[in-house]
Amino acid sequence: MKVLLHEMSWPEAKEYFAKNDIAIVPVGSNEQHGPQNPLGTDHLIAKAIAEETAMRAGVLCLQVVPFGVSSHHRQLWGTIYVSPEVFNKYMKEVCLALQYYGIRKVVVVNGHGGNLASLSDLAREMREEGVFVSVFQWWPAAAKILPDLFDVEERKHASAEETSVNLALHPHLVDMSRAVDEKSRVHPVQAEGITLPLDTVDFSETGVWGKSTAASAEKGKEDFEAIVSELVRHVDLLRSAGVEDLVSKPKV
Ligand SMILES: [Zn+2]
């Protein structure tokens, strides 16, 4: 059975939509990931997780949306970013197009933390439209499921965990001879409870936060397997959930 929408013909798509109300949409970003990782890291990993999950669960998967909310990485070259408003609107129209074909449940596989605020707004807005959107992020899932696989400094942006998943999925795109360990700087005005409008270059010279040299394909494979298993579990739960339990409730 085909699960990738862009590989189906329209009669094949019609057959899927006639019988199913669930779809997966991977999203990410195109942004710096240190000197060793490809700019596509966040959308390439999201795509791989989404497609593997779709295959195992027998659920439709769309093409990955590669550009996200990542202007905070722009000083490091090749970062292509859009505003939160444009990203939210674009994703909303993708969800509405799915709704036109009867989709009521959308699992967004998000590979980039900077997209989360916009996707959370999207999920709330779509619920009012009658579509239930859940957002999956692989790194908090992995930290919970496999807490000992990496330490805290290895679980930050472009550090060992992300590099390991890249090594497991597309090793030809990773240059470990350029991997670095860099302790991120603390801004002089930082204090507990304060959020500051800072960019990556305020914290890091290389774009790596923490330690990336401990990356390995073996750890990446273990991470990927655990992540996909957890997402398959969510997709199965969501597929069997009644729409009446998902749409927003009327006033009491
Ligand atoms: Zn990333």
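The values are calculated or read from the model by the stated rules, or taken from the named source; none is laboratory data. Owing to the predicted nature of the structure, the values given are computational and were not obtained by experimental measurement. Neighbour counts are summed over all protein chains in view; Cβ atoms, including those assigned to glycine, are modelled from backbone coordinates with ideal geometry. What goes into the accessible areas is simple: the full protein's heavy atoms, side chains included, and nothing from ligands, DNA or RNA. Shrake-Rupley method; radii C 1.70, N 1.55, O 1.52, S 1.80 Å.
Some observations on this one:
- THR200 meets the stated requirement of being in contact with a His (Cβ under 7 Å, 6 or more places away or on another chain), within 16 Å of the ligand (Cβ to nearest atom) and either of a type in the set (Asp, Glu) or farther than 30 Å from ILE103 by Cα (or both).
- Any hit, segment 173-189, residues being buried (at least 18 other Cβ atoms within 10 Å of the Cβ), in contact with a Phe, Trp or Tyr (Cβ under 7 Å, 6 or more places away or on another chain), β-branched (Val, Ile, Thr) and within 17 Å of GLN32 (Cβ to Cβ): no
- Taken as a whole, the structure leaves PRO35 outside the set of residues that are farther than 26 Å from SER177 by Cα and open to solvent by 30 Å² or more (accessible area, probe 1.4 Å).
- Residue in segment 104-121 that is open to solvent by 20 Å² or more (accessible area, probe 1.4 Å) and on the phi > 0 side of the Ramachandran plot present: no
- Hits in segment 70-103 (condition: among the β-branched types (Val, Ile, Thr) and open to solvent by 20 Å² or more (accessible area, probe 1.4 Å)): ILE80, VAL82, VAL86, VAL94
- Candidate set from segment 156-168 (those that are open to solvent by 10 Å² or more (accessible area, probe 1.4 Å) and within 13 Å of the ligand (Cβ to nearest atom)); member that is modelled with the highest pLDDT: GLU162
- Residue in segment 90-113 that is touching a residue at least 60 places away in the same chain (Cβ under 8 Å), away from the ligand (no atom under 15 Å from the Cβ), out of contact with any Ser or Thr (no Cβ under 6 Å at 6 or more places or on another chain) and polar (S, T, N, Q) present: no
- Annotation note: Cβ proximity below 7 Å between a residue of segment 25-47 that is without any contact (Cβ under 8 Å) to a residue 60 or more places away in the chain and a residue that is open to solvent by less than 10 Å² (accessible area, probe 1.4 Å) and within 8 Å of the ligand (Cβ to nearest atom) (sequence gap 6+ or interchain) occurs for LEU39/GLU31; LEU39/HIS33.
- Condition met for ILE45 (in contact with a Cys (Cβ under 7 Å, 6 or more places away or on another chain), buried (at least 20 other Cβ atoms within 10 Å of the Cβ), within 23 Å of ASN110 (Cβ to Cβ) and of a type in the set (A, V, I, L, M)): no
- Failed item, numbered, when ARG127 is tested on (1) part of a loop (DSSP other than H, G, I, E, B); (2) in contact (Cβ under 8 Å) with a residue 40 or more places away in the chain; (3) open to solvent by 20 Å² or more (accessible area, probe 1.4 Å); (4) more than 16 Å from the ligand (Cβ to nearest atom): (1)
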